[in-house]
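Okay, so here's the structure we're looking at.
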Amino acid sequence: MFVRRRHAVAALVAALLLTSGCGSPASPPASPTTATTPSPADSDAAAFAAAEATYRAYVDALNAVDLADPSTFEPVYALTTGEILESDRKALSAYNSSGVTISGRTEVRQVFPHSVDGNVAELYVCIDVSSVTLTNADGQSMVPPDRDPVQAMLVTAERDTQLGTGARLIDVVATAEGPTCD
C-alpha cells in the first residue's frame, strides 16, 4: 500500500522532510558492437538505468537548491514533467516566498528496479535525509521530530531521449512497499 505524499518537491518536502541525496549516475549497459535487436531484458535494463540516472540527477539538483534564489530551481524542473513539475514549482515558490531555508544533503542509499511498462520504469529508492533540515522564517525547524532518517520512495520515470539522463520523472512518492531500507 502506497503512502502518497504527492509529487517530487511535495515529495521533496515530504522527502526533504524525507530527502537528501547524491551519488553518481549508474553506468548504462554497454552497447553491443554488432547490430542486433535488443532483447526485452536489454530494454528493461536501459529503462532502469535511465530512471536511476534521472532520479540521481534530480536529487543532486534538489541538493543544489537555494530557496532564496529561484534560478536554482530550474535544474529541478528540467528533470520533471506533468503534475510533478507543477507540484515542484508550487512548493519551491511557496518556500521561497515564505522565507524557508534548507540545509543538509539527501543521499541515495539504495536503488531497486521494480517494473517497466513500455517507456515507463519504476524504482524503489532508499534515501538518507538525516542531515536535511527545513527552517521557517522564524528560525523554527519544520522537520517532524519523529522523521525517519532513511526514507523509502517509489520513483516513476518515462524515457525521454531528448534529455541527457534519458528520462523525466513522472512521480516520486513515499511508499511502505518494496524492499526494506537499511
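The values are calculated or read from the model by the stated rules, or taken from the named source; none is laboratory data. Remember, it's a predicted structure, so these values are computed and weren't measured experimentally. Cβ atoms come from the backbone with ideal geometry, glycine included; neighbour counts cover every protein chain shown. The area values use the complete protein model at the heavy-atom level, side chains included, leaving out ligands, DNA and RNA. Shrake-Rupley method; radii C 1.70, N 1.55, O 1.52, S 1.80 Å.
Structure values in brief
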{"quantity": "Breaking point among (1) in contact (Cβ under 8 Å) with a residue 40 or more places away in the chain; (2) on the phi < 0 side of the Ramachandran plot, for THR135", "calculated": "(1)"}
{"quantity": "The range 101-115, subset within 20 Å of ALA50 (Cβ to Cβ) and over 13 Å from the mean Cα position of the chain (by Cα), residue surrounded by the most Cβ atoms within 10 Å (Cβ to Cβ)", "calculated": "HIS114"}
{"quantity": "Count of the range 129-182 residues which are under 23 Å from GLY104 (Cβ atoms), of a type in the set (S, T, N, Q) and within 12 Å of the chain's Cα centre (by Cα)", "calculated": "1"}
{"quantity": "Any hit, the range 80-87, residues being closer than 30 Å to ASP182 by Cβ, buried (at least 17 other Cβ atoms within 10 Å of the Cβ) and of a type in the set (S, T, N, Q)", "calculated": "yes"}
{"quantity": "Filter result (open to solvent by 40 Å² or more (accessible area, probe 1.4 Å) and either under 18 Å from TYR58 (Cα atoms) or not charged (D, E, K, R) (or both)) within the range 116-131", "calculated": "VAL116, GLY118, ASN119, VAL120, GLU122, SER130, SER131"}
{"quantity": "The range 159-182 - residue that is open to solvent by 20 Å² or more (accessible area, probe 1.4 Å) and of a type in the set (A, V, I, L, M) and, of those, farthest from ALA50 (Cα to Cα)", "calculated": "ALA176"}
{"quantity": "Residue identified as among the β-branched types (Val, Ile, Thr) and either open to solvent by 70 Å² or more (accessible area, probe 1.4 Å) or at pLDDT 95 or above (or both) among VAL3, VAL13, VAL9, VAL59", "calculated": "VAL59"}
{"quantity": "Test: ALA64 is under 18 Å from VAL125 (Cβ atoms) and open to solvent by 20 Å² or more (accessible area, probe 1.4 Å)", "calculated": "no"}
